[in-house]
Each structure stands twice: as structure tokens, then as C-alpha cells.
Amino acid sequence: MEQNIRKLGIMGGTFDPIHIGHLVTAEAVRMEYGLDVVLFVPAGHPPHKSDALITPMLHRYNMTVMATCSNPFFYVSSIEMERSGPSYTIDTVKELIKQYGEQTEFYFITGTDTIHELPTWHNITELLQLCRFVGATRPGCNSMVDSIIERFGKIGSQRIHHLATPELEISSTDIRERIREGRSIKYIVPENVERYILKENLYQYRSK
Ligand code: ATP
Ligand code: MG
């Protein structure tokens, strides 16, 4: 990856599996904010999700690499794969600041559902000082965004942004359900990800 990165997007997620909602969102934010690169960071041990219910890290990482490989601005980081304990975003961002230097501006890309959850995030006030958040429109989750931003006061209005993007009613939860029920996931995930899921027999026998 080129070294002189002024604006770096971070797309964090469980990516279980990655889908076109993630890709379209990351690309829209990259274009809107003139990001040099978007780094996809599959969560190691997401604090809000139980380890027992998520797919092993290596599969989620592999699918993320496959889904992003055709976009020259997209990269994948194994940073959370290498760390034990809960994957707090603040630790990830601090590590990335060490890697890329203080002159780089960080944009954490999320859907508006994640913006709703921000008040519960570990060390969120410090995190807002280290990176901006861009919440892309997600169906059913947009009405409360302004009040969440207001709750954080000045730093909220400076560092949390709401980007109106086309609403894509797609989620990993729905994709896992479709697979269990034998319904199609074509065009909802990239073709190579669909083939990987079939080959590795993922999502067939998992309880909800
Ligand atoms: P799950 O249903 O398992 O929670 P998910 O589809 O929400 O999966 P995550 O890996 O939890 O995917 O999401 C990673 C990030 O991508 C989150 O910030 C989430 O808000 C955002 N995101 C996921 N799907 C969409 C979508 N369709 N539109 C906009 N943002 C999305
Ligand atoms: Mg989610």
C-alpha cells in the first residue's frame, strides 16, 4: 500500500459474511470524503457478539479479501486477528495511528445502526478525538441519528457525520438465514464469496 495516505477510511465489521451493502457503503464514503484508501478490518472478537456464534476469523478474513480484491482503493487488515481479548475499536485506531502517522486523518465508516450504538462503545469520547465517524443510511435506522450526534455535544457535531446513501436492505443476518433455508444469495454477496461459502459449507448448521 502506498505510504503517503492523508485520509484513511476504516470499515470495521464482523463480515459474517461480507456483502454488497458493506462494499457499496465503503465506496460511497470513499468518494464523498476523498479517502485515499479504505481498510476493511474484520473484527477479531466483537465485544457485542458472542464468539461461539460467529464464524472463525480466518473464513471471515478470506471472504473480506475476496470481496475487496478488485477495488484498487480497498485493502484488508488482519490487525484484530492478531490481538486476543475483545476487539475494541479504540485499540485498533491507536495501532493504525502508530502505523500511518499522526498526519493521517481517520474516517470510521459505519451504517446508521452503528451510530445508534456509539454511546455504549468503549472509550467513545477519546475515540471521537482520534477519528471521525461517517454513518451511511441503513433502512430503519436513520431517524435517531441527529439526536445521537447531539448527545455528544460539540465533538459529536464535529466528528460524527451522516451520509445519505441509497438504502440497501441487506444484512449478514438475512444472508445466513437464506443459506439455512436454502434460498439464493446470488448478487447479494460477490460471486467469489458465494462460491467460498458453498465450498466451505458455511452457515448451514449454525443456530441463530
Ligand atoms: P449482522 O446482521 O450479522 O449484524 P451486518 O450486515 O450488520 O451483519 P456487520 O458486519 O455487523 O454487518 O456490519 C459492519 C458495518 O457495516 C456496520 O457499521 C454496519 O452498520 C454496516 N452495514 C452493514 N450492512 C449495511 C447496509 N446494508 N447499509 C449500510 N451499512 C451497512
Ligand atoms: Mg450488524
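The values are calculated or read from the model by the stated rules, or taken from the named source; none is laboratory data. Quantities reported herein were computed from a predicted structural model and do not represent experimental measurements. So basically every Cβ, Gly included, is an ideal-geometry build from the backbone, and we count neighbours across all protein chains shown. Areas reflect the complete protein model, heavy atoms only, side chains present, ligands, DNA and RNA absent. Shrake-Rupley method; radii C 1.70, N 1.55, O 1.52, S 1.80 Å.
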Exercise. Would you say ARG138 is within 16 Å of ligand 2 (Cβ to nearest atom) and among the charged types (D, E, K, R)?
Worked result: yes
For this session: Go through segment 37-60 and give me each residue that's surrounded by 16 or more Cβ atoms within 10 Å (Cβ to Cβ), over 19 Å from THR92 (Cα atoms) and not polar (S, T, N, Q).
Result: ILE54, HIS59
Exercise. So GLY111 clears everything in (1) closer than 18 Å to GLU80 by Cβ; (2) open to solvent by 10 Å² or more (accessible area, probe 1.4 Å); (3) touching a Gly at 6+ places or on another chain (Cβ under 9 Å) except one condition, right? Which one?
Worked result: (1)
Problem set entry | Qualifying positions in segment 154-208 - open to solvent by 60 Å² or more (accessible area, probe 1.4 Å) and touching a strand residue (DSSP E or B) at 6+ places or on another chain (Cβ under 7 Å) | HIS162
Exercise. THR104 versus (1) open to solvent by 40 Å² or more (accessible area, probe 1.4 Å); (2) over 17 Å from the mean Cα position of the chain (by Cα): which is the lone unmet condition?
Worked result: (1)
Seminar exercise, completed: Sole miss for HIS116 among (1) within 14 Å of ligand 1 (Cβ to nearest atom); (2) surrounded by fewer than 21 Cβ atoms within 10 Å (Cβ to Cβ); (3) within 20 Å of ILE197 (Cβ to Cβ) is condition (3)
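With respect to LEU23, determine if the residue is in contact with a helix residue (DSSP H, G or I) (Cβ under 9 Å, 6 or more places away or on another chain), part of a helix (DSSP H, G or I), touching a residue at least 12 places away in the same chain (Cβ under 8 Å) and buried (at least 18 other Cβ atoms within 10 Å of the Cβ). Before the answer, list the steps.
Numbers: in contact with a helix residue (DSSP H, G or I) (Cβ under 9 Å, 6 or more places away or on another chain): yes; part of a helix (DSSP H, G or I): yes; touching a residue at least 12 places away in the same chain (Cβ under 8 Å): yes; buried (at least 18 other Cβ atoms within 10 Å of the Cβ): yes.
Against the criterion (in contact with a helix residue (DSSP H, G or I) (Cβ under 9 Å, 6 or more places away or on another chain), part of a helix (DSSP H, G or I), touching a residue at least 12 places away in the same chain (Cβ under 8 Å) and buried (at least 18 other Cβ atoms within 10 Å of the Cβ)), LEU23 qualifies.
Looking at segment 130-146 only, could you name the residues that are away from ligand 1 (no atom under 11 Å from the Cβ), in a loop (DSSP other than H, G, I, E, B) and open to solvent by less than 40 Å² (accessible area, probe 1.4 Å)?
Going through segment 130-146, the residues away from ligand 1 (no atom under 11 Å from the Cβ) turn out to be 130-132, 143-146.
Keeping just the survivors that are in a loop (DSSP other than H, G, I, E, B) gives 131, 143-144.
Across segment 130-146, the qualifying residue is only CYS131.
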For this session: Kindly establish whether VAL41 is assigned to a strand (DSSP E or B), touching a residue at least 40 places away in the same chain (Cβ under 8 Å) and within 16 Å of ligand 2 (Cβ to nearest atom).
Result: yes
Problem set entry | Matching residues, segment 153-176, being part of a helix (DSSP H, G or I), within 16 Å of ligand 2 (Cβ to nearest atom) and not small (Gly, Ala, Ser) | THR173, ASP174, ILE175, ARG176
